[in-house]
Amino acid sequence: MAQPREPAPGSPEDAEPLHVASRLHAFNRFELKYLVPVEQAAEIRDELAERMDRDRNSPVGGYGVWSLYYDSPQLRFYWEKIEGLKFRRKLRIRHYGDLDGVSDASPVCVEIKQRVNRVTQKRRITLPYGTARQLCDARELVEHSPQERPFVHEVLDLVVRLDLRPTAITGYQREALVGRGSDTGLRVTFDRRIRGRDRDFDFSLATPENRFTIPPHMSVMEIKVNERTPYWITDLAARRNLGLVRVSKYVQSIEAFGLAPRSVFHVNEADCPPPATPLDTRLPAHETPVRAGAQ
C-alpha cells in the first residue's frame, strides 16, 4: 500500500479545516471499581438514577461493548499491570453495540488507554473497522488528518516496535449514568455478562465461541470522575459495604483462558457465591460458559 503523503509542517495543508470534525478524542479521569452482584447493581442503579441521568447513548437494558486487545508475545501490557507500573499502556480496538452485521465499514475506536500514577488517560480515534485492522494488524499507515498524525504514528510505533498482536477479546453489556448540575464530570457504569475469547479475533465472525470470564451473576460497577468523587457517592458505597477492587477485564481474560497464572487481581469464582435464586444467565448457543480461572 502506498503511504499517504503528509504535508510539511506549517504549510496550508497542515492546518485542520474548520469545517471538518476531528475523529480524535482524549480525556483524563479517576476510576473506582466495585464487584457487585447483578441484583444489587440494579438496586444501586435505581438509587443513583434519583440524582443522575441515563447516558443518552445507553438505552434501557444497556448496550454492548466489545474490545480487541493487543499485546506482545511476552504479554508486556499484561505484566505491566500485574507489576503495578506507574506508567503503563494498553492498545485496543473497541466496538459499541451488537456485533451482528459488523463489516469493514463499521465505525470502531482505536484506543490507547494508559495509566499515569492514579490517573487514567484515554486517547482514541474513530475509524472504519477495516481501516483499524489495516493499522493495527497489517501495520500500515492509514489516511489521517494532520491533527490525528501523532496518535496514528504512536499506534503504528507500538505495534511494530513491540510486535503487538491480537491477544484477547472481551465483551459485556453496559448501562451508564451521567451526573447532572455540579456533578457533570461524574459517570457511573454497570457492566454485566462479562465474557470473551482467546481466538477468532474478528468482530464480524457469525458464531464465535465466547465464554464468561467473570461469574455471570456478578457485575463490575465503575465510578469515573474528572477531579473529585461526590460525597453522596462515597456515602452510598459505605452504606452498601462496597469494597474497592482492582479488577481488569483484560487481565481476567488472560488468566481465565490460562495464558498466565492467576494473580492478586483475579476474580475467583469461590469468592463470588451465586444467589439463592439462580439468575437466567444462559448464553446464546454459540457462547459457552467457563469457570473464572479455568483453562
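The values are calculated or read from the model by the stated rules, or taken from the named source; none is laboratory data. Bear in mind the structure is a predicted one, so any value in this text is a computation, not a measurement. Glycine gets a Cβ as well: all are built from the backbone with ideal geometry, and neighbour counts include every protein chain shown. Note: areas computed on protein heavy atoms with side chains; ligands, DNA, RNA excluded. Shrake-Rupley method; radii C 1.70, N 1.55, O 1.52, S 1.80 Å.
So, in region 152-167, of the ones that are touching a strand residue (DSSP E or B) at 6+ places or on another chain (Cβ under 9 Å) and assigned to a helix (DSSP H, G or I), which residue ends up surrounded by the fewest Cβ atoms within 10 Å (Cβ to Cβ)? So that I can check it myself, show each step before the final result.
Residues of region 152-167 that are touching a strand residue (DSSP E or B) at 6+ places or on another chain (Cβ under 9 Å), as a first pass: 152, 154-155, 158-159, 162, 164-167.
This time we only want the ones that are assigned to a helix (DSSP H, G or I), so: 152, 154-155, 158-159.
Working: Val152: 20, Glu154: 14, Val155: 25, Leu158: 18, Val159: 19.
Top of the filtered list is Glu154.
Given the criteria open to solvent by 60 Å² or more (accessible area, probe 1.4 Å), out of contact with any Pro (no Cβ under 8 Å at 6 or more places or on another chain) and touching a residue at least 40 places away in the same chain (Cβ under 8 Å), does Arg118 qualify? Steps first, answer last, please.
On the way: open to solvent by 60 Å² or more (accessible area, probe 1.4 Å): yes; out of contact with any Pro (no Cβ under 8 Å at 6 or more places or on another chain): yes; touching a residue at least 40 places away in the same chain (Cβ under 8 Å): yes.
Answer is yes for this residue.
If you go through region 204-227 one residue at a time, do you hit one that is part of a helix (DSSP H, G or I), under 25 Å from Ile112 (Cα atoms) and either charged (D, E, K, R) or in contact with a His (Cβ under 7 Å, 6 or more places away or on another chain) (or both)?
Residues of region 204-227 part of a helix (DSSP H, G or I): none.
Among the residues of region 204-227, not one is part of a helix (DSSP H, G or I), under 25 Å from Ile112 (Cα atoms) and either charged (D, E, K, R) or in contact with a His (Cβ under 7 Å, 6 or more places away or on another chain) (or both), which makes the answer no.
Results for (1) surrounded by fewer than 23 Cβ atoms within 10 Å (Cβ to Cβ); (2) modelled with pLDDT under 95; (3) part of a strand (DSSP E or B), shown as yes or no for each residue.
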| site | (1), (2), (3) |
| --- | --- |
| Ile169 | no, no, yes |
| Leu177 | yes, no, yes |
| Arg195 | no, no, yes |
| Asp202 | yes, no, no |
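Does region 44-53 include one or more residues that are modelled with pLDDT under 90 and open to solvent by 40 Å² or more (accessible area, probe 1.4 Å)?
Let us first name the residues in region 44-53 that are modelled with pLDDT under 90, namely none.
So far as region 44-53 goes, no, none of its residues is modelled with pLDDT under 90 and open to solvent by 40 Å² or more (accessible area, probe 1.4 Å).
Would you please name the residue that is most open to solvent (accessible area, probe 1.4 Å), looking only at residues in region 245-264 that are in contact with a Leu (Cβ under 9 Å, 6 or more places away or on another chain) and either assigned to a helix (DSSP H, G or I) or under 20 Å from Tyr172 (Cα atoms) (or both)?
Applying the first criterion (in contact with a Leu (Cβ under 9 Å, 6 or more places away or on another chain)) to region 245-264 yields 245, 247, 253-254, 259-260.
In the following step, the residues that additionally are either assigned to a helix (DSSP H, G or I) or under 20 Å from Tyr172 (Cα atoms) (or both) were identified as 245, 247, 253-254.
On the way: Val245: 52, Val247: 7, Ser253: 0, Ile254: 0 Å².
Going through the qualifying residues, I end up with Val245.
Applying the selection to region 72-102, what residues are at negative phi and open to solvent by 50 Å² or more (accessible area, probe 1.4 Å)?
So the first thing to find is which residues in region 72-102 are at negative phi, and the list is 72-74, 76-83, 85-96, 98-100, 102.
Hits for region 72-102 are Pro73, Gln74, Arg76, Trp79, Glu83, Leu85, Lys86, Phe87, Arg89, Tyr96, Asp98, Asp100.
Which numbered condition trips up Arg149, out of (1) open to solvent by 10 Å² or more (accessible area, probe 1.4 Å); (2) in a helix (DSSP H, G or I); (3) in contact with a strand residue (DSSP E or B) (Cβ under 9 Å, 6 or more places away or on another chain)?
If we test Arg149 against (1) open to solvent by 10 Å² or more (accessible area, probe 1.4 Å); (2) in a helix (DSSP H, G or I); (3) in contact with a strand residue (DSSP E or B) (Cβ under 9 Å, 6 or more places away or on another chain), just (3) comes out false.
Can you pull out the residues in region 121-144 that are among the charged types (D, E, K, R) and open to solvent by 20 Å² or more (accessible area, probe 1.4 Å)?
Result: Arg123, Arg124, Arg133, Asp137, Arg139, Glu140, Glu143.
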